[in-house]
Amino acid sequence: MDDRERYLFDLSGFLHIPGLLSANEAQRLYEAAVELEEHALACRHESPKWRAVWGHEYWQNQQHAYFAQMGGPEDAGTLMIEDFWLYPDAFDMLIGHDRTLTYVRRIIQSEISINNSELRIRYTNNASGMHLGYPDGRRQKYRYEVIDGEIQATMVRMIYFLHDVSMDEGPTCFVPGSHRNAFPVPVKTGSVEDDPGVVGIPVKAGDGILFTEACRHGGFVNRSEKTRYTLHVGYGPHFMKSQNISTMDEPVNVTDELLGRLSDAQRQLVVPTVRVAL
């Protein structure tokens with residue numbers, strides 16, 4: 001993250017990064033996402049189920065231990081697969097992705113770890129409701145400040161786009177500057193597009209969007225026949241536990257199989273060890 005990018009991130013609460021992934025990387029991840037979608041739906045009915053802390057009903061794949069949930073009607077909902085890299089092993093490259101870390105380390109001023117991992121699959125007519133911003137974004141978990149010339153954030157997220165997304169295809173959207181606003185949203189219509197000040201961000205395959213969770217965000221209605229696939233990876237200080245809905249504030253869900261595939265540096269990101277100064 002250079003000084004220009006840092007300025008724009010601080011100004012808006014998010015940063016659009018063209019070409020974060022190569023065309024080949026985006027294509028390989030897209031193919032893996034479609035394969036994982038099929039795998040998760042195929043095991044849905046015979047897998048163990050329970051209701052998570054925020055009320056979402058999840059199922060857990062018994063072979064690879066990832067979690068999945070379908071939000072809303074099946075013909076107009078979102079399939080969300082958490083801990084997607086437990087499905088070997090096309091997604092491992094995103095654990096410790098070098099270019100991503102150059103951005104995250106400019107924003108989180110401590111040893112970092114990964115606390116969130118979601119494959120979001122959004123079908124026709126789906127929208128992702130607007131959330132956070134003031135006052136929810138003022139909780140300590142979503143802290144955002146600038147102190148002594150450095151950004152001090154607690155939770156940030158990188159979204160990786162695996163294909164082009166136009167304005168008709170349900171782009172990710174934000175209310176720029178809402179990570180700093182002092183007043184609640186004056187009108188809540190229930191329609192994402194009508195949220196005051198909201199803007200959608202069209203993207204190309206391989207682009208990324210980095211944002212602070214304190215910024216108000218969501219997703220416009222997918223008005224196309226195209227299914228949307230995005231990968232989300234969340235970062236925070238090493239002491240934060242899982243921020244996936246399925247395992248909220250519990251240890252991050254990992255398996256021996258995953259840890260056995262990773263390098264020491266990658267393992268440190270998903271299962272951090274706290275270093276105590278003597």
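Side notes on the structure shown:
- The stretch 210-278: relative contact order as a whole-number percent, Cα under 8 Å and 6+ apart: 22
- Per residue, the stretch 83-147 exposes 39 Å² of accessible surface when a 1.4 Å probe is rolled over the protein heavy atoms with every protein chain present.
- Highest-MSF residue in the chain out of S242, S224, S117 [GNM, Cα springs under 10 Å]: S224
- Given 15 as the ceiling on other Cβ atoms within 10 Å, longest exposed-site-free region of the chain for GluC sites (Glu not before Pro) in DSSP loops: 112-224
- For the pair the stretch 1-42 / the stretch 166-182, the C-alpha centres are spaced 16 Å from each other.
- With contacts taken as Cα pairs under 8 Å at a separation of at least 6 residues, the chain carries a relative contact order of 27 percent.
- Candidates N253, N244, N24: whichever shows maximal mean-square fluctuation once the chain is modelled as a Gaussian network with Cα springs under 10 Å: N24
- Positive minus negative residues near V233 (Lys, Arg vs Asp, Glu; Cβ under 15 Å): -4
- The number of Lys pairs in the chain with C-alpha atoms less than 30 Å apart, excluding pairs fewer than 8 positions apart on the same chain, is 7.
- Considering helices alone, the calculated mean residue ellipticity of the chain at 222 nm is -5500 deg cm²/dmol, with DSSP H runs of length four and up weighted by -39500 (n - 2.57) and normalised per residue.
- Rounded percent of accessible protein surface that carbon and sulfur make up, the chain, 1.4 Å probe: 51
The values are calculated or read from the model by the stated rules, or taken from the named source; none is laboratory data. Bear in mind that the values here come from a model prediction, so they are computed numbers and not experimental data. In this analysis, Cβ positions are derived from the backbone assuming ideal geometry, glycine residues included, and neighbour counts consider all displayed protein chains. Areas reflect the complete protein model, heavy atoms only, side chains present, ligands, DNA and RNA absent. Shrake-Rupley method; radii C 1.70, N 1.55, O 1.52, S 1.80 Å.
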